[in-house]
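Notes follow the structure.
The values are calculated or read from the model by the stated rules, or taken from the named source; none is laboratory data. These numbers were taken from a predicted model, which means no experiment stands behind them. Note: ideal-geometry Cβ built from the backbone for every residue, glycine included; neighbour counts use all protein chains shown.
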Amino acid sequence: MLRTINLGELTNRAGLSQVNVAEAGRGFAVNNLKAEIFKQNIDQDPESVPNLKSYMGTPVYSNLTIPSGKYINNDNQVINYAGIRLDTILFDIAPTKNIIRTAINGTDRGTVKQYISLGDYEIRGTGILTGSSFETQGGAEYNVERLEDVPEEEIRKLNQIFKIPQEIEVISEFLDFFDISTVVVEAMAISQIEGYRDSLLFSISMLSDTPIELR
């Protein structure tokens, strides 16, 4: 359970006592405040700390696992792909609706909307590649180990997953809140970080998917 948080107390503890609201909205002060609120929640509610640990021994609050699998390519060949666990990832989720908008001639009051159905969830995950993940217990779980060099294997895994021409299974506590267990990867980006050979920034854009069996 989370206790009531006093904003004044937190701003003092986060070193923001001399910062006004306008200044806090410019970035650094807000980040300090977020960190202090997050720390407060952990300190006051030890039971909320998850059992999953990162390679540094710290608790993992948001992660993404893509299990290994296979698919059939355009040459009718069976292609196997390796699974991956991403411990340093944060999500943005945008639910959508399918709505047809029709303009009406001679009116300045916008358009007529026709609701069709709920649309896909647009999912964007951003994070850092800092280690190598591998399957344990016959693929039932994944562990992540820290690397001192370029995470080449993880880059190749993500690139292979991006090329999959069908929906894939995803496992994430946060995505479970939205009943998302299957997605289609839409786009991906991997960027180097100046001065860091063993870490890479990444982002992955996905669309929720509900498999439909045609009869």
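Looking at the range 81-101, can you tell me whether even one residue there is at pLDDT 85 or above and among the polar types (S, T, N, Q)? Among the residues of the range 81-101, at least one is at pLDDT 85 or above and among the polar types (S, T, N, Q), which makes the answer yes. Scanning the range 187-215 for residues that are assigned to a strand (DSSP E or B) and more than 17 Å from GLY127 (Cβ to Cβ) yields ARG197, LEU207, SER208.
Taken over the range 81-128, residues that are part of a strand (DSSP E or B) and either touching a residue at least 40 places away in the same chain (Cβ under 8 Å) or polar (S, T, N, Q) (or both) amount to 22.
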